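Okay, structure first, notes after.
The values are calculated or read from the model by the stated rules, or taken from the named source; none is laboratory data. On a predicted model such as this, the values are computed, not experimentally measured, just so you know. Here the Cβ positions follow ideal geometry from the backbone for every residue, glycine too, while neighbour counts run over all protein chains shown.
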Amino acid sequence: MAFFNTTYASLIEIKARTAIGTGLDPQDIAQELDVALWRGLPKFCGRNKASERTFAITIMNNRIRDLIKAAGRQKRYLDNNHLLFSEIEEWENGEMVLETAQPIGQF
């Protein structure tokens, strides 16, 4: 995989492989981290004598935390917004027809 940020490519790969709880593929996580660094690193100004590497790690940790939160929201949405067969029953000629059931939709 090619990264925008070659300086932190190995760190991106390590963080992506060790990110647990996101429900995403490590390559997808690596891409998310790479984009987050691409957008965030130009904002680095070195206050409080922090290094750019520390800033990059903070950006990646925050992005992973956001991905975990998003995965939790999606799970809660599916847990709270499901279809019951009793709600979609439709009778035709004395037989139940389930082909007319509508999917939950996009989220």
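State yes or no: is F55 in contact with a Phe, Trp or Tyr (Cβ under 8 Å, 6 or more places away or on another chain) and at pLDDT below 90? Show your work before the answer.
On the way: in contact with a Phe, Trp or Tyr (Cβ under 8 Å, 6 or more places away or on another chain): yes; at pLDDT below 90: no.
Answer is no for this residue.
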Inset, instruction - Tell me which residues, restricted to region 27-54, are buried (at least 16 other Cβ atoms within 10 Å of the Cβ) and of a type outside the set (A, V, I, L, M, F, W, C). - result: Q31, E32, D34, G40
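Kindly evaluate R65 against the criterion of being within 17 Å of I14 (Cα to Cα) and either out of contact with any Leu (no Cβ under 8 Å at 6 or more places or on another chain) or loosely packed, with under 14 Cβ neighbours inside 10 Å (or both).
Judged against the criteria, R65 is a match.
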Inset, instruction - Among the residues of region 1-59, write down those that are small (G, A, S), without any contact (Cβ under 8 Å) to a residue 12 or more places away in the chain and not in a helix (DSSP H, G or I). - result: A2, G46, A50, S51
